[in-house]
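Just so it is clear, none of the values below were taken in a lab; they were calculated from the coordinates. Fair warning: this is a prediction, and the values are worked out from it, not measured in the lab. Cβ: placed from backbone, ideal geometry, glycine included. Neighbour counts: every protein chain shown.
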Number of protein chains: 2
Amino acid sequence: MAERTKYILDEADMPARWYNIVPDLPEPPPPPLHPGTREPVGPDDLAPLFPQALIAQEVSTERYIDIPEEVLDVYRLWRPSPLYRARRLEKALGTPARIYYKYEGVSPVGSHKPNTAVPQAFYNAAEGVTRLTTETGAGQWGSALAFACATFGLECEVWQVRASFDQKPYRKLMMETFGATVHPSPSELTESGRAILAADPASTGSLGIAISEAVEQAAQAENTRYALGSVLNHVLLHQTIIGEEALKQFELAGDTPDVLVGCTGGGSNFGGLAFPFLREKLAGRMDPVIRAVEPAACPTLTRGKYAYDFGDTAGLTPLLKMHTLGHDFIPDPIHAGGLRYHGMSPLISHIYELGLIDAVAIGQEDCFAAGVRFARAEGIIPAPEPTHALAACIQEALRCKETGEEKVILTALCGHAHLDLPAYGAYLAGEISDHALPEEALEKSLAGLP
Amino acid sequence: MAERTKYILDEADMPARWYNIVPDLPEPPPPPLHPGTREPVGPDDLAPLFPQALIAQEVSTERYIDIPEEVLDVYRLWRPSPLYRARRLEKALGTPARIYYKYEGVSPVGSHKPNTAVPQAFYNAAEGVTRLTTETGAGQWGSALAFACATFGLECEVWQVRASFDQKPYRKLMMETFGATVHPSPSELTESGRAILAADPASTGSLGIAISEAVEQAAQAENTRYALGSVLNHVLLHQTIIGEEALKQFELAGDTPDVLVGCTGGGSNFGGLAFPFLREKLAGRMDPVIRAVEPAACPTLTRGKYAYDFGDTAGLTPLLKMHTLGHDFIPDPIHAGGLRYHGMSPLISHIYELGLIDAVAIGQEDCFAAGVRFARAEGIIPAPEPTHALAACIQEALRCKETGEEKVILTALCGHAHLDLPAYGAYLAGEISDHALPEEALEKSLAGLP
């Protein structure tokens, strides 16, 4: 009998609770502030945008929150997701390290995003909401929310950045197949959109503009709320099912990670895998190094400032205490669209400040090299975002090759690249560069922060 | 505890043998004939194209053939594949039927094709072959072979029909990411290609031309062989792991299928699921209706002639006794590219003649309607090919709704549509028609057959 390739939990062993890390931290994270009063925002401030159940989760200090049966029922379409032992990659690298990856590409849309899209749709439907709005860039989040809305009979309206809407039609088609309506942003449908188009009729949009349009619609239209795919506490909470499953799978494997690496954009993929392991570390039951990997083009944790800043470009959101490159920072157009966010989840920023995790930035050329190496060994072509984690993972495995250490490395493979293949084409054609953030651009962008 | 959504075998329970249906049939299938002598072809005739191990499997009368450990090791990257109970679809249809689907979209390239690409690459590598050639249309088969070749260190050279090469770049990029070389066909690299280009420099190619180029290269170049993704006995043999797993999974479910439906192009997906169940039926252990579903645009079994015909358009292959629309028949450009083949696997044709299976043809409009319905209930957007089986499956489930019968329906969901999303876009835009084959076109095409 060969060594195992993957560890799969039975449906009956799927975790039935999400994990909230807040009560286990040595101190609580700083609260979001109202931009006018600079007082902590209260539930009433958020009510036009989110249902009560999600607002309660956003500020909860309960350690565990039960996953509703209706949500578990949808999760079972693809969960528990597999934990793989990358034996073929280990062999290709010649490393004594044992590499594991938790694979979220098995979801209907090919990423971890449905883990939170599904409960968000569920709680909204349960409170009588009939329509959700959101923004999307390349479309990972928009397609997850479109799927979730189809599941609970909600309308779904997505503002997609015009540049992606025009150039990358596949994700738009996926959203439409699930029944969503997709608008290019800026659109004539909102005040924010019309204002931008009046100034520049040829605007190709930005995530900031798309957020403004989706938020504006949600605040104005009847029975309509807004949904966000990362950054906020309740989003990271929902993603912890990834790490809870991985803990059970490591028990099956009889192994314990020495190093855990995940890519970070808004932080939901990283937090989802890392938080349950961080709980074990804080409790002294294991002691993994936990490492966030970000793109050199958008190095929020490693080079940003820890300050109160807006979550969007237009300045409509509460002020969040986070590592930020400045809310008007627009990163170079690297292919890992999901990592091109100027800020970092306040919860992950806080944990980083507490010294509980470390962080590195890697250029996208190394990342795609790691992606191709991984694909040819393991068969899965990783999305551009998790190639950042894989690059860090391979660096660690090659260090082990030099030292002879048999480290156990765990990484989050948060999605596949089926709809990102042109990025691999560009890499294979030698058309990829790192876009590392120049010092003067960083200084200029940080100058406006408090 | 909710009813189960999926049945997943442990790696240790993965079948370790392929099933060869030939010895269990009441009479053997007619042999392929040499086009010159019209005598049955022998192993020597096939040696320039295939390795000895595959030629032996092609004519084997052994009931079971062991799967090599090296092949099992690669299968474990995604196998055993899940058997799903489509509870959400059942609920959406309001049917008392129980619908199960065996999902092959979990493979690295998103279809069942690697089940045979991997052993083909393995046996070639084991006999010292260093390069494989093949043809591909939309690219499902080409990407499976590219992945398999990456796994065993073989070069892979694919001739892709020029029209697809230009219009659908995603699968080409997938092949290249796995390290394959992809040529548009017709190409200047072969005699066959140059002849076509001399006559028509703007030729957009055809599967027939691409086969000629790949076969010509394999026959001429050193250490090079050719690989085919369907039709032949050894290909269907490798796919039987699908049905063997499904049988074990039905045991877990404590259920037995009354109806089994699968889509048929060359026949490998259908045969892979159906043959092990047909063995059980022939042995009197169960009695499912077994139904092949083909597109109305290319109705090989339902309207073709059972006759000796060439496997390719140019007439380079042995003559195969099969249901055929004539080897120069070119079906209308429907979106289920994998079902646009003029012939049908000789083994499935033979079994159909023996009355052991039935067949229906369905137009692609109904198929896409079924695909969208399925996607919104189950989350997986099915490839255009298996929407044919799903349409038949939904018809059956709706009949059960009328009669109140609690039939158990099993279907093969052989792949997802991530790289076929423009087809769904065309459907949603109302731009899809059935392309049912007109009577006069059929008569004209069959006229040349013996």
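In square nanometres, what is one fourth of the surface area of the convex hull spanned by the alpha carbons of region A:213-263?
Values: hull surface 21.7 nm².
If you wrap the Cα atoms of region A:213-263 in a convex hull and average its projections, you get 5.4 nm².
Over the whole of B:157-170, what's the average partner chain Cβ count within 10 Å per residue? Rounded to a whole number, please.
Values: counts 0, 0, 0, 0, 0, 0, 0, 0, 0, 0, 0, 0, 3, 9.
Per-residue shielding by partner chains comes out at 1.
Over all residues in B:372-384, what is the mean tally of Cβ atoms on other chains that come within 10 Å of each residue's Cβ?
On the way: counts 5, 0, 0, 7, 9, 3, 3, 13, 5, 8, 0, 0, 0.
Across B:372-384, the average partner-chain Cβ count within 10 Å equals 4.
Residues with beta-carbon under 12 Å from that of residue A:450, excluding residue A:450: net charge, scoring Lys, Arg +1 and Asp, Glu -1?
Values: positive: A:38, A:305, A:321; negative: A:309.
Its environment carries a net charge of +2.
May I ask you to list the chymotrypsin sites (Phe, Trp or Tyr not before Pro) in region B:277-337 that are in a DSSP loop and have at most 14 other Cβ atoms within 10 Å of their Cβ? Please list the in-between numbers first.
Working: sites: B:277, B:306, B:308, B:310, B:329; in loops: B:329.
Filter output for region B:277-337: empty list.
How big is the dipole moment of the protein assembly as shown about its Cα centre under a simple scheme where the beta carbon of each Lys and Arg is +1, that of each Asp and Glu is -1, and everything else is neutral? Debye, nearest 20, please. Numbers along the way, then the final one.
Details: 72 positive and 114 negative charges, 146 e Å.
Its charge dipole is roughly 700 debye.
Taking the Cα atoms of region B:256-307 alone, what are Rg (to one decimal) and Dmax (as a whole number) in Å?
Rg then Dmax for region B:256-307, in Å: 12.2, 36.
Looking at chain B, which Cys residues are left with no other cysteine's beta carbon under 4.7 Å from theirs?
Lacking a cysteine Cβ partner under 4.7 Å: B:263, B:298, B:367, B:393, B:400, B:414.
Looking at the protein assembly as shown, send over the antiparallel percent of its DSSP beta bridges, to the nearest 5. Before the final figure, lay out each step's value.
Working: 38 of 104 bridges.
Among the beta bridges of the protein assembly as shown, antiparallel pairing accounts for roughly 35 percent.
Cα convex hull of the protein assembly as shown: how many Å³ per residue? Don't skip to the end; give the middle numbers.
Details: hull volume 149.5 nm³, N = 900.
So the per-residue Cα hull volume is 166 Å³.
Give the residue list of trypsin sites (Lys or Arg not before Pro) in region A:1-66 that are DSSP loop and have at most 16 other beta-carbon atoms within 10 angstrom.
Values: sites: A:4, A:6, A:17, A:38, A:63; in loops: A:4, A:38, A:63.
Loop-located and lightly packed - A:38, A:63.
Specify which residue in the list B:337, B:290, B:315 is farthest towards the positive end of the charge dipole of region B:274-359, using unit charges on the beta carbon of Lys, Arg (+1) and Asp, Glu (-1), about the Cα centre.
Of the candidates, B:290 comes out farthest on the positive side.
What does the helix-only formula give at 222 nm for chain A: each DSSP H stretch with n ≥ 4 adding -39500 (n - 2.57), the total divided by the residues, and the result rounded to the nearest 500 deg cm²/dmol?
Working: 19 runs with 187 residues, N = 450.
Value at 222 nm, helices only: -12000 deg cm²/dmol.
When N is the residue count of region B:114-226, what does its C-alpha Rg come to as a fraction of 2.2 N^0.38 Å? Numbers along the way, then the final one.
On the way: Rg = 13.3 Å, N = 113, 2.2 N^0.38 = 13.3 Å.
For region B:114-226, the normalised Cα radius of gyration comes out at 1.00.
Would you order B:112, B:238 from fewest to most other beta-carbon atoms within 10 Å of each residue's own beta-carbon?
Details: B:112 31, B:238 25.
By the 10 Å Cβ count, ascending: B:238, B:112.
Taking one equal scatterer on every alpha-carbon of region B:1-135, how large is log10 of I(q)/I(0) by Debye at q = 0.09, 0.10, 0.19 1/Å?
-0.43, -0.51, -1.21
Treat every Asp and Glu Cβ in chain B as -1 and every Lys and Arg Cβ as +1, leave all other atoms uncharged, and give the resulting dipole magnitude about the Cα centre to the nearest 20 debye.
Working: 36 positive and 57 negative charges, 223 e Å.
Magnitude of the dipole: close to 1080 debye.
For region A:291-437, compute Rh as the Kirkwood radius over C-alpha pairs and then the Stokes-Einstein diffusion coefficient at 37 °C and 0.692 mPa s; write the answer in µm²/s, rounded to an integer. Write down the numbers at each step before the final one.
Values: Rh = 16.2 Å.
Here the translational diffusion coefficient equals 203 µm²/s.
May I ask you to list the trypsin sites (Lys or Arg not before Pro) in region B:390-447 that are in a DSSP loop and have at most 16 other Cβ atoms within 10 Å of their Cβ? Before the final figure, lay out each step's value.
Details: sites: B:399, B:401, B:407, B:444; in loops: B:407.
Passing sites in region B:390-447 do not exist.
Helix A:241-253 against the longest principal axis of chain A: what's the angle in degrees, Cα atoms only, rounded to the nearest 10?
10 degrees
Kirkwood Rh over alpha-carbon pairs of region B:181-248, then Stokes-Einstein at 25 °C and 0.890 mPa s: what D in µm² s⁻¹, rounded to an integer? Intermediate results must be reported in sequence, preceding the final value.
On the way: Rh = 14.1 Å.
For the chosen part, D equals 174 µm²/s.
Mind checking the angle between helix B:384-403 and chain B's longest principal axis? C-alpha axes, 0 to 90 degrees, to the nearest 10.
Between the helix axis and the principal axis of chain B, the angle is about 20 degrees.
What percent of all Cα-Cα pairs in chain A falls into each 10 Å bin, going from 0 up to the bin containing the maximum distance?
With 10 Å bins starting at 0, P(r) equals 4, 22, 34, 27, 10, 2, 0.
Return a whole-number percent for the relative contact order of chain B, with Cα pairs under 8 Å and 6 or more residues apart as the contact set.
Values: 952 pairs, mean separation 83.5, N = 450.
In percent, rounded to a whole number, it is 19.
Kindly rank B:423-435, A:350-362 from highest to lowest mean number of other beta carbons found within 10 Å of each residue. Please list the in-between numbers first.
Numbers: B:423-435: 16.4, A:350-362: 18.2.
The densest-packed peptide leads the list: A:350-362, B:423-435.
Based on the mean of other Cβ atoms within 10 Å per residue, sort peptides A:80-91, B:171-182, A:375-386 so the most packed one is first.
Numbers: A:80-91: 21.7, B:171-182: 23.6, A:375-386: 26.0.
Put in order of decreasing packing, that is A:375-386, B:171-182, A:80-91.
Which whole number gives the average, over all residues in B:422-430, of C-beta atoms from other chains lying within 10 Å of the residue C-beta? Could you put the intermediate results ahead of the total?
On the way: counts 3, 1, 5, 7, 1, 2, 4, 2, 0.
Across the residues of B:422-430, the mean count of other-chain Cβ atoms within 10 Å is 3.
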